[in-house]
Amino acid sequence: MGKPTGFIEFNREMPGKKPVAERLQHYNEFVEKYSEEKLNQQSARCMNCGVPFCHNGCPLGNVIPEFNDAVYRKDWKEAYDILSSTNNFPEFTGRICPAPCESACVLGINQPPVAIEEIEKHIIEIAFEKGFVAAKKPNLRSGKKVAVIGSGPAGLAAAAQLNYAGHSVTVFERDDAPGGLLRYGIPDFKLEKWVIDRRIRVMEEEGVVFKCLANVGVNVSINDVLREFNAIVLTGGSTTPRNLFIPGRELKGVHFAMDFLKQNNKRVAGKDVLANAAIESNILDEEVTATGKNVVVIGGGDTGSDCVGTSNRHGAKSVTQFELLPKPPAERNEFMPWPSFPMVLKTTTSHEEGADRHWAVATKEFIGDEAGNLKALKIVTLEWKIVDGRPASFVEVPGSEKEIPCELALLAMGFVHPQHVGFINDLGIGLDERGNVKATETDFRTNISKVFAAGDMRRGQSLVVWAISEGRECARKVDEFLNNGASILETKTSSLQFQLV
């Protein structure tokens, strides 16, 4: 590495953030950039360890020590070339990835790990500034046509890779703009939408065709798609939310978190939040806001955190977040050994902005007024039995049941499987025991010969970085299918050979 003693000389430092009072007034990103000196120091902390476990921690197999070294030497073109060899969209992962690579960082055994995610974001933003990111059009076209259904991170990655291989790719998106979860799930204060639009423009210049407000199985015939294309890649995500079937679920004011977040992203973009509902399969027929309300977010994950940040920006009267599981430890313990991804307490920037957080709480009933509006929740405290460091079972604590005021309850309890109604049912596509599209990660092929699946639609709810990885790996298998077993696309494992050349 450029500075072998860097990990001794420099501590981990994260970029500054705009003050809470300021950032609550808008929906823009608020994390500042490193100075050139700080970026140099943070990259210098990468310590040239004998076995870089960060590779294993990253679902994409990013070649991390090498791009850190290039950053230290200020060779931005080399840093970008290394990073983009494995990751199609570092501008997304550099903003919203939970960084499993950092959990596997060798330095993290006894010191704070290298700030890999922030360095990655800086590499790609500098690459755009310097003009290194340019459309790469294939020299030859194969004459084969591929349809990608869904334009989330898995679909975008599959489309980009298949286009590089020379196939003609059309992406079908049921919403009014590409991006899937990136556009209508992640709030703008974490990922501004110009970041997505910038990448879409590059892909369009490369030859990828995007068809929006094109909901296959609704206003686009799946049979027409089957006839027109030589292969189809299903990347529609895991979009059926987990529900909470308790008394009062039908009350006005109880909504799924993603409906709330999608509406707000549309609102921030200056769009009609109720437009195109029939095409987009948007079940809401009313605007939902948190302004002046006691908001309760049920679910302690990232989606719940996004609801917290959004509700505070709406001007909620109060924001409370419940998690069914017990409060996780602040640090690794014997049941979370390095380099595994640790299930430790996570305090997000949205939590910093204000939220009353509670763990080991179950919601028993939604309570309404005479007009059918939500006015309160009935909750109970849980006592968990822990076995081998994991919550195993619980009982309700006697006498802990109580009511709390609530006019807006947001269900952020994750997703169970992709939407079955539509082309999945129409085609008779096989499903696994969890309701996901059945396709192995060895070939990504469904029970229909030329139909493949990748991302959350195949593996279930997961991370953006896993979706990109799945899209890339699936694209290789589609390329092999179209070329009688041959492919020019790299796999995740072959990308790791970069460091050995």
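The values are calculated or read from the model by the stated rules, or taken from the named source; none is laboratory data. This structure is a prediction, so every number in the text was calculated from the model and none was measured. Note that each Cβ is placed from the backbone with ideal geometry, even for glycine, and that neighbours are counted across all protein chains shown.
Assuming Leu427 fulfils every condition listed in (1) at pLDDT below 95; (2) closer than 22 Å to Thr310 by Cα; (3) not aromatic (Phe, Trp, Tyr) apart from one, which condition is it?
(2)
If you check every pair at least six apart or on different chains, which have Cβ atoms under 6 Å apart with a residue in segment 467-479 that is on the phi > 0 side of the Ramachandran plot first and a residue that is surrounded by fewer than 24 Cβ atoms within 10 Å (Cβ to Cβ) second?
The qualifying pairs do not exist here.
Out of the residues in segment 107-142 meeting the condition of being touching a Pro at 6+ places or on another chain (Cβ under 7 Å) and aliphatic (A, V, I, L, M), tell me which one is farthest from Ala165 (Cα to Cα).
Leu107
Yes or no: Val295 within 23 Å of the chain's Cα centre (by Cα), crowded, with 17+ Cβ neighbours inside 10 Å and of a type outside the set (Phe, Trp, Tyr)? I'd like the intermediate steps shown before the answer.
Numbers: within 23 Å of the chain's Cα centre (by Cα): no; crowded, with 17+ Cβ neighbours inside 10 Å: yes; of a type outside the set (Phe, Trp, Tyr): yes.
Taking the combined requirement at face value, the residue does not satisfy it.
Scanning for something crowded, with 23+ Cβ neighbours inside 10 Å and within 26 Å of Lys33 (Cα to Cα), does segment 126-148 turn up at least one residue? It would help to see each step written out before you state the result.
Within segment 126-148, the first condition is being crowded, with 23+ Cβ neighbours inside 10 Å, and the residues that meet it are 146-148.
From what is left, the residues that are within 26 Å of Lys33 (Cα to Cα) are none.
Checked segment 126-148: no residue is crowded, with 23+ Cβ neighbours inside 10 Å and within 26 Å of Lys33 (Cα to Cα).
Filter segment 222-249 down to residues that are without any contact (Cβ under 8 Å) to a residue 60 or more places away in the chain and either of a type in the set (D, E, K, R) or surrounded by 16 or more Cβ atoms within 10 Å (Cβ to Cβ) (or both) and give me whichever is farthest from Lys144 (Cα to Cα).
In this case the residue turns out to be Asp224.
Every residue in segment 43-60 that is at pLDDT 95 or above and either over 24 Å from Glu473 (Cα atoms) or touching a Lys or Arg at 6+ places or on another chain (Cβ under 7 Å) (or both), please.
Passing the criteria: Ser43, Ala44, Arg45, Cys46, Leu60.
Condition (residue is within 25 Å of the chain's Cα centre (by Cα), at pLDDT 95 or above and surrounded by fewer than 17 Cβ atoms within 10 Å (Cβ to Cβ)) applied to segment 399-416: is it met by at least one residue?
yes
Name the pairs: first residue in segment 307-318 and among the charged types (D, E, K, R), second residue part of a loop (DSSP other than H, G, I, E, B), Cβ to Cβ under 7 Å, at least 6 apart or on different chains?
Listed by first residue and then by second, the contacts come to Arg313/Leu24; Arg313/Tyr27; Lys317/Gly292; Lys317/Lys293.
Among the strands (runs of 3 or more DSSP E) contained in segment 389-501, which hold 1 or more residues that are of a type outside the set (A, V, I, L, M) and within 29 Å of Val216 (Cα to Cα)?
415-417, 451-453
Would you confirm, using the coordinates I've provided, whether Thr381 is free of Cβ contacts under 8 Å to residues at least 24 places away in the same chain, under 21 Å from Phe245 (Cα atoms) and either in contact with a Ser or Thr (Cβ under 6 Å, 6 or more places away or on another chain) or surrounded by 16 or more Cβ atoms within 10 Å (Cβ to Cβ) (or both)? Steps first, answer last, please.
Numbers: free of Cβ contacts under 8 Å to residues at least 24 places away in the same chain: yes; under 21 Å from Phe245 (Cα atoms): yes; either in contact with a Ser or Thr (Cβ under 6 Å, 6 or more places away or on another chain) or surrounded by 16 or more Cβ atoms within 10 Å (Cβ to Cβ) (or both): yes.
When the stated conditions are applied, Thr381 passes them.
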